[in-house]
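Worksheet: the structure to be examined is printed underneath.
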């Protein structure tokens, strides 16, 4: 990858206001991309991400929309095209997590997680793919999780949703090729606002289980996403890259 590889390219990052999404926006900006930062409610945090991208020399704007609402996404994309142009790269990073025992799990919780994590991936991808295919080039990365690859007794909705994202990403890659590459990234435990409050004993256990003996940071995920969007990954599509310090390995 070169320092200004993404010059002139527009990247839309859903859930870009905080955590992993913000780090992805910053790394794309540092590589020369123009960045459209999607957020659902925290406009202050989204504008902070925009400010940081601009400090890095990139054009950036914030766009509010619920990515699980097809009308809101369509309106957002129309505004993005009008103000910044067509989307060259999409990262679906918006998501929610839930953790509860099965005897406390209800259908409302299950449906809420599926709506944000699954619908919130499907709708933005479907909204940008036709234009990418017409122009003959597009790069998409969908954020999944190692929870979608392993059993999680207290994360039934979340684990199910992320397994669905992995399967959907593979099918997108098959359907949109050869013009559009689609890949996934499956983070392990990453230190963000979302994971604050995790039992310190569990965090220590995860650190010890990892080959690299540390907890992941948002930049670890961002660097992998940026690689998958780059020309260096030009022969990679339909793959899920696990980024968890070695806590799980895949064939």
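Key figures
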{"item": "Meets criteria (closer than 17 Å to residue 109 by Cβ and more than 17 Å from the chain's Cα centre (by Cα)) for residue 152", "result": "yes"}
{"item": "Test result for residue 146, closer than 30 Å to residue 85 by Cα and modelled with pLDDT of 95 or more", "result": "no"}
{"item": "Selected residue (only one of 85, 120 is modelled with pLDDT of 95 or more and more than 23 Å from residue 42 (Cα to Cα))", "result": "85"}
{"item": "Residue within the stretch 117-130 that is touching a residue at least 60 places away in the same chain (Cβ under 8 Å) and farther than 21 Å from residue 13 by Cα present", "result": "no"}
{"item": "Segments classed as helices (runs of 4 or more DSSP H), wholly inside the stretch 1-120, with at least 2 members that are touching a strand residue (DSSP E or B) at 6+ places or on another chain (Cβ under 7 Å) and buried (at least 19 other Cβ atoms within 10 Å of the Cβ)", "result": "19-30, 43-55, 70-83"}
{"item": "Condition check for residue 227: in contact (Cβ under 8 Å) with a residue 12 or more places away in the chain, more than 30 Å from residue 100 (Cβ to Cβ) and touching a helix residue (DSSP H, G or I) at 6+ places or on another chain (Cβ under 8 Å)", "result": "yes"}
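The values are calculated or read from the model by the stated rules, or taken from the named source; none is laboratory data. Just so we're clear, the structure is a prediction, and the values are computed from it rather than from any experiment. Methodologically, a virtual Cβ is constructed for each residue, glycine included, from the backbone with ideal geometry; neighbour enumeration extends over all protein chains shown.
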